[in-house]
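Trainee: Okay, handing you the structure first.
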Amino acid sequence: MDFNFTDEQNMVRDGISRLIREQYDWDTRREVIASETGWRPELWAQLAELGMLAAPFSEEDGGFGGGATETMLIMEEFGKGLAIEPFIPSVVCAGGFLKYGGSAAQKEEYLAGIISGEMIFAFAYAEPRGRYDLADLQTTAKADGGDYVLNGHKAVVIGAPWATHFVVTARTAGDQRDRSGVSVFIVDKNADGVSLRDYGTVDGRRASEVYFENVKVAGDALIGEADNGLPLIEQVVDEATAAVCAEATGAMKVTNEMTLDYSRQRKQFGTPIGSFQVLQHRMADMLMEYEQSVSMSYLATIRLSEDVATRKEAVSSAKVRIGQAARFIGQNAIQTHGGMGMTDELAVGSYFKRLSIIEGEFGSVDHHMRRHIRLNAAA
């Protein structure tokens, strides 16, 4: 199997790497997170101008002919810089729904808006009692003539304060946990009945609790087939999971480098702590965890295009292994740095926080372990 990247993919990696290095120095990131808006719209415009928002889409859809590999390369660099821009919610998730299930009219209007950076989407799928079950929905969309009326509450909607639109999962038929009866809608953030409670997250991003109260949604806002949206949701969430795994590998790489540099500078009893054998063994283990995570990230990305069972198994395997590695590397980095590693003054604390959140994003280690077991039992 050829693991070499094409010239175009190397150009994508080099372009986003250069932008992250120039725009994401540590002090600048801290200032942006502490600002009122919590992000830089001008940087999002730069990403659009460089073609990064178009990279994962086919030329027929207005993109540059890329796919999951381009997303992986971009997200690795995002992880290295702890970028907070909503690439996964807007490009991977909303773009994925439109790419696989959107009508020609939806692609022309919304996918073009995502690629240009003029529209920003947030993915409103999680609910307070859902526990990673994508079919466990109390949000409802009831038919009203040719339209729908949406009611419900979505929790921890990442990027919602910056969004112009939402992709919302809702139950249109069946009982709360049925696999059938689930549908996907595009909802304008400024629609009557939509309200938000915004807040910052522990890893520096912004999120919202989003409430829908008798929100009128046009029939043409439905993505894909009514009552049969769960397979599409699972496909998009698997792709988002693979993307966040790639982000984790970038964050792990920098965390390891910071820890190694610190061990060479920090002295105890007049000797750099990196010369102590126990710490050398620890950092060797951290490097092994990182290398294994990169391999699992590549494997999950490659298998996104295969059959459903293979895709799910590969993604869950990667999420389990990378979630475990994220915890190991993050905790050992903090232990090596000591108490000051958890302060805002040192970047390693923020990398630890992001890795800790990634461990549970789009499903915890335990959740994906159970899914992997179920898939193997079914096979």
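Trainee: Among the residues of segment 119-141, how many are touching a Ser or Thr at 6+ places or on another chain (Cβ under 8 Å), assigned to a loop (DSSP other than H, G, I, E, B) and modelled with pLDDT of 95 or more? Walk me through how you get there before you give the answer.
Mentor: Restricting attention to segment 119-141, the residues satisfying the condition of being touching a Ser or Thr at 6+ places or on another chain (Cβ under 8 Å) are 119-122, 124-125, 127, 132, 134, 137, 139-141.
Those left that are additionally assigned to a loop (DSSP other than H, G, I, E, B): 119-120, 125, 127, 132, 134, 137, 139.
Next, from what is left, pick out any that are modelled with pLDDT of 95 or more: 119-120, 125, 127, 134, 137, 139.
Residues meeting the conditions: 7.
Trainee: Please indicate, with yes or no, whether at least one residue in segment 231-241 is small (Gly, Ala, Ser), closer than 23 Å to residue 83 by Cβ and in contact with a Leu (Cβ under 9 Å, 6 or more places away or on another chain).
Mentor: First pass over segment 231-241, keeping only residues small (Gly, Ala, Ser): 240.
With the extra rule that they be closer than 23 Å to residue 83 by Cβ, the set shrinks to 240.
When the remaining residues are screened for being in contact with a Leu (Cβ under 9 Å, 6 or more places away or on another chain), the result is none.
The answer is no, given that none of the residues of segment 231-241 is small (Gly, Ala, Ser), closer than 23 Å to residue 83 by Cβ and in contact with a Leu (Cβ under 9 Å, 6 or more places away or on another chain).
Trainee: Let me ask something else about it. Out of 12, 32, 92, which single residue is outside any loop (DSSP other than H, G, I, E, B), more than 18 Å from the chain's Cα centre (by Cα) and surrounded by 19 or more Cβ atoms within 10 Å (Cβ to Cβ)?
Mentor: Numbers: 32 fails: surrounded by 19 or more Cβ atoms within 10 Å (Cβ to Cβ); 92 fails: more than 18 Å from the chain's Cα centre (by Cα).
It is 12.
Trainee: Can you tell me which of 125, 110, 132 is more than 17 Å from residue 238 (Cα to Cα) and aromatic (Phe, Trp, Tyr)? Spell out the reasoning first.
Mentor: Values: 125 fails: more than 17 Å from residue 238 (Cα to Cα); 132 fails: more than 17 Å from residue 238 (Cα to Cα).
Just a single option satisfies the conditions, and that option is 110.
Trainee: Sticking with this one: Strands (runs of 3 or more DSSP E) wholly in segment 170-237 with at least 3 residues that are surrounded by 15 or more Cβ atoms within 10 Å (Cβ to Cβ), touching a residue at least 40 places away in the same chain (Cβ under 8 Å) and not charged (D, E, K, R) - which ones?
Mentor: Result: 182-188, 206-217.
Yes/no per residue for (1) at pLDDT 95 or above; (2) not aliphatic (A, V, I, L, M):
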{"position": "54", "(1), (2)": "yes, no"}
{"position": "61", "(1), (2)": "no, yes"}
{"position": "70", "(1), (2)": "yes, yes"}
{"position": "75", "(1), (2)": "yes, no"}
{"position": "106", "(1), (2)": "yes, yes"}
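Trainee: Can I ask one more? Given the structure, is residue 130 small (Gly, Ala, Ser) and over 21 Å from the mean Cα position of the chain (by Cα)?
Mentor: Working: small (Gly, Ala, Ser): yes; over 21 Å from the mean Cα position of the chain (by Cα): no.
Against the criterion (small (Gly, Ala, Ser) and over 21 Å from the mean Cα position of the chain (by Cα)), residue 130 does not qualify.
Trainee: Restricting the search to segment 35-63, which residues are surrounded by fewer than 20 Cβ atoms within 10 Å (Cβ to Cβ) and either of a type in the set (S, T, N, Q) or part of a loop (DSSP other than H, G, I, E, B) (or both)?
Mentor: Scanning segment 35-63 gives 35, 36, 37, 38, 40, 46, 50, 51, 58, 62.
Yes/no matrix, rows are residues, columns are (1) buried (at least 18 other Cβ atoms within 10 Å of the Cβ); (2) in contact (Cβ under 8 Å) with a residue 12 or more places away in the chain; (3) of a type in the set (A, V, I, L, M, F, W, C):
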site	(1), (2), (3)
80	yes, yes, no
104	no, no, yes
108	no, no, no
115	yes, yes, yes
135	yes, yes, yes
138	no, yes, no
141	yes, yes, yes
151	no, yes, no
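Conditions (1) more than 14 Å from residue 245 (Cβ to Cβ); (2) outside any helix (DSSP H, G or I); (3) over 24 Å from the mean Cα position of the chain (by Cα); (4) not aromatic (Phe, Trp, Tyr), marked per residue:
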{"site": "261", "(1), (2), (3), (4)": "yes, no, yes, yes"}
{"site": "286", "(1), (2), (3), (4)": "yes, no, no, yes"}
{"site": "299", "(1), (2), (3), (4)": "no, no, no, yes"}
{"site": "309", "(1), (2), (3), (4)": "yes, no, no, yes"}
{"site": "325", "(1), (2), (3), (4)": "no, no, no, yes"}
{"site": "336", "(1), (2), (3), (4)": "yes, no, yes, yes"}
{"site": "340", "(1), (2), (3), (4)": "yes, no, yes, yes"}
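Trainee: Just wondering, is there one or more residues in segment 249-263 that are more than 28 Å from residue 285 (Cα to Cα) and out of contact with any Cys (no Cβ under 6 Å at 6 or more places or on another chain)?
Mentor: Filtering segment 249-263 down to residues more than 28 Å from residue 285 (Cα to Cα) leaves none.
No; the residues of segment 249-263 include none that is more than 28 Å from residue 285 (Cα to Cα) and out of contact with any Cys (no Cβ under 6 Å at 6 or more places or on another chain).
Trainee: Being assigned by TED's automatic domain parsing to the domain that holds residue 260, closer than 25 Å to residue 70 by Cβ and surrounded by 15 or more Cβ atoms within 10 Å (Cβ to Cβ) narrows it down to one of 300, 333, so name that one. If you could, list the steps in order and put the result at the bottom.
Mentor: Values: 333 fails: closer than 25 Å to residue 70 by Cβ.
Exactly one of 300, 333 is assigned by TED's automatic domain parsing to the domain that holds residue 260, closer than 25 Å to residue 70 by Cβ and surrounded by 15 or more Cβ atoms within 10 Å (Cβ to Cβ), namely 300.
Trainee: Just checking, does segment 351-366 include any residue being outside any helix (DSSP H, G or I), within 20 Å of the chain's Cα centre (by Cα) and small (Gly, Ala, Ser)? Write out each step before concluding.
Mentor: Let us first name the residues in segment 351-366 that are outside any helix (DSSP H, G or I), namely 361-364.
Cutting the leftovers down to within 20 Å of the chain's Cα centre (by Cα) gives us 361-364.
Filter once more, so that each one left must be small (Gly, Ala, Ser): 363-364.
Yes, because at least one residue in segment 351-366 is outside any helix (DSSP H, G or I), within 20 Å of the chain's Cα centre (by Cα) and small (Gly, Ala, Ser).
The values are calculated or read from the model by the stated rules, or taken from the named source; none is laboratory data. For clarity, every value in this text was computed on a predicted model and none was experimentally measured. Neighbour counts are summed over all protein chains in view; Cβ atoms, including those assigned to glycine, are modelled from backbone coordinates with ideal geometry.
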